[in-house]
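Here the structure is laid out as structure tokens; the discussion comes afterwards.
The values are calculated or read from the model by the stated rules, or taken from the named source; none is laboratory data. It should be emphasised that the depicted structure is a prediction, and the values quoted were computed from it without experimental measurement. Cβ coordinates were reconstructed from backbone atoms using ideal geometry, including for glycine residues, and neighbour counts include every protein chain displayed.
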Amino acid sequence: MMKFLKSGLLFAAAGLLVFTACDPAEDETPIGSAPNVTVTVENEQDEYLPGDVIDLVVDFTADDPVVGATINAETEEFILTFDATGISNNVIDLNEFDVASSTEGSFTLSGIQIPNEFANQTLTFTIEMEDGEGRIGEGSLDVEVGEADEPIASFSAILLGAQGNTNPGFVNALSGETATYGEARDASGLNNSTIDFAYYYGNSNRNTIASIDDAGLNAVYEATNPDLSIEDNFGTRNSTRFLITDLSPEDFDNIETNSELVANAESEVTTNSSATQLSEGSVIAFKLDEDRGSYLGLIKVVSIDDTNGNGTITIEVKVQESE
């Protein structure tokens, strides 16, 4: 009997050992938390426009070294795929940013352009980071995208003749087309006109860009020939308004979007019916007549070859694109 009991005890002990080995041990679960990730935009704005380029700053801390990361961006309608420096098919190469196998760090994903399709939507960026224990933490950021920027029209090297020159001196600012006195007169109907401004050289005003309702423009043409009175012969005389700005020629050249054009022209326009004493490099803001859509624009003086009203001026024009 003693021998049987002894065997029974050994069996029971063996059974106990087997039971213990099959039970998951709590100390096998990794100690610690998933990586903590935050995402911000460098030089943050309240709203961005399609085409804007932003830089995402990623900061992280982790209990174990990080081994991988991904970036995702989506709206209700679109999902964006990234392929850029340090990013391939949305996978971030942590070695590229010298943070692989780190437990804390910061890196910047540069040159991320917002596509035009994302206009008027909330774009959500999500960065996921994985540590060596397989735990994944994420940080997200919402970016508000506004209306897509409207295009502008640009007209280069428009040559205009003064009142005593045979070259056309009148301009349709929305098309860049020029017109002679006779063509401008014929384009000015009783209710509308496509002519927005003209060039003349005055005794005191010198080199001048003027609206069609400008008294100085009328005076120089009447002085040339009484039959050339603009007041008497033009049915509609558009009231374009001007102001010489502080913009440099380089500033003018760098303006490419509607928002840039409006920002630089809107605050400059006054009630002036002309911009006088122009010289090479002058940049003039203008606003078209209400009947012409009140569009804003800028004029750059490229060159002037006129000292007596018989010469020419060459300009470039940028204007809001008409519908």
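Observations on the structure shown:
- Some residue of region 88-101 being crowded, with 18+ Cβ neighbours inside 10 Å and under 25 Å from the mean Cα position of the chain (by Cα): no
- Selection count where residues are surrounded by fewer than 18 Cβ atoms within 10 Å (Cβ to Cβ), in a loop (DSSP other than H, G, I, E, B) and not acidic (Asp, Glu), scope region 166-192: 9
- For region 161-196, the set of residues classified as among the aromatic types (Phe, Trp, Tyr) and closer than 19 Å to GLY281 by Cα is empty.
Residue-wise test of (1) assigned by TED's automatic domain parsing to the domain that holds ASN207; (2) over 15 Å from SER154 (Cα atoms); (3) modelled with pLDDT under 95; (4) among the charged types (D, E, K, R).
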site: PRO249; (1), (2), (3), (4): yes, no, no, no
site: GLU260; (1), (2), (3), (4): yes, no, yes, yes
site: THR276; (1), (2), (3), (4): yes, yes, no, no
site: SER282; (1), (2), (3), (4): yes, yes, no, no
site: LYS287; (1), (2), (3), (4): yes, yes, no, yes
site: GLU290; (1), (2), (3), (4): yes, yes, no, yes
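- Scope region 193-219; condition assigned to a strand (DSSP E or B) and closer than 17 Å to ALA173 by Cα; matching residues: SER193, PHE197, ALA198, TYR199, TYR200, THR208, ILE209, ALA210, SER211
- Search result, residues across region 19-42 that are modelled with pLDDT of 90 or more and not in a strand (DSSP E or B): SER33, ALA34, PRO35, GLU42
- Candidates THR276, THR224, filtered to the one that is closer than 27 Å to GLY311 by Cα, buried (at least 17 other Cβ atoms within 10 Å of the Cβ) and either among the hydrophobic types (A, V, I, L, M, F, W, C) or in contact (Cβ under 8 Å) with a residue 40 or more places away in the chain (or both): THR276
- Checked against the criterion of being surrounded by fewer than 20 Cβ atoms within 10 Å (Cβ to Cβ), at pLDDT below 95 and polar (S, T, N, Q), the candidates THR312, THR271, THR236 yield just one match: THR271.
- Selection within region 43-100 - in a strand (DSSP E or B), among the β-branched types (Val, Ile, Thr) and either in contact (Cβ under 8 Å) with a residue 12 or more places away in the chain or closer than 26 Å to GLY32 by Cβ (or both): VAL53, ILE54, VAL57, VAL58, THR61, VAL66, VAL67, THR70, ILE71, ILE87, VAL91, ILE92
- Whenever a residue of region 183-197 is in the same structural domain as GLU290 (by TED's automatic domain parsing), its partners that are among the aromatic types (Phe, Trp, Tyr) and part of a loop (DSSP other than H, G, I, E, B), lying with C-beta atoms within less than 7 angstrom and at least six residues away or across chains, give the pairs ARG185/PHE234; SER188/PHE234.
- Among the residues of region 143-163, at least one is in a loop (DSSP other than H, G, I, E, B) and closer than 28 Å to ASP59 by Cα.
- Extreme residue, nearest to ILE209 (Cα to Cα), among residues of region 255-280 that are assigned to a loop (DSSP other than H, G, I, E, B) and touching a Ser or Thr at 6+ places or on another chain (Cβ under 7 Å): THR276
- Some residue of region 228-244 being closer than 24 Å to ASN310 by Cα, in contact with a Ser or Thr (Cβ under 7 Å, 6 or more places away or on another chain) and in a strand (DSSP E or B): yes
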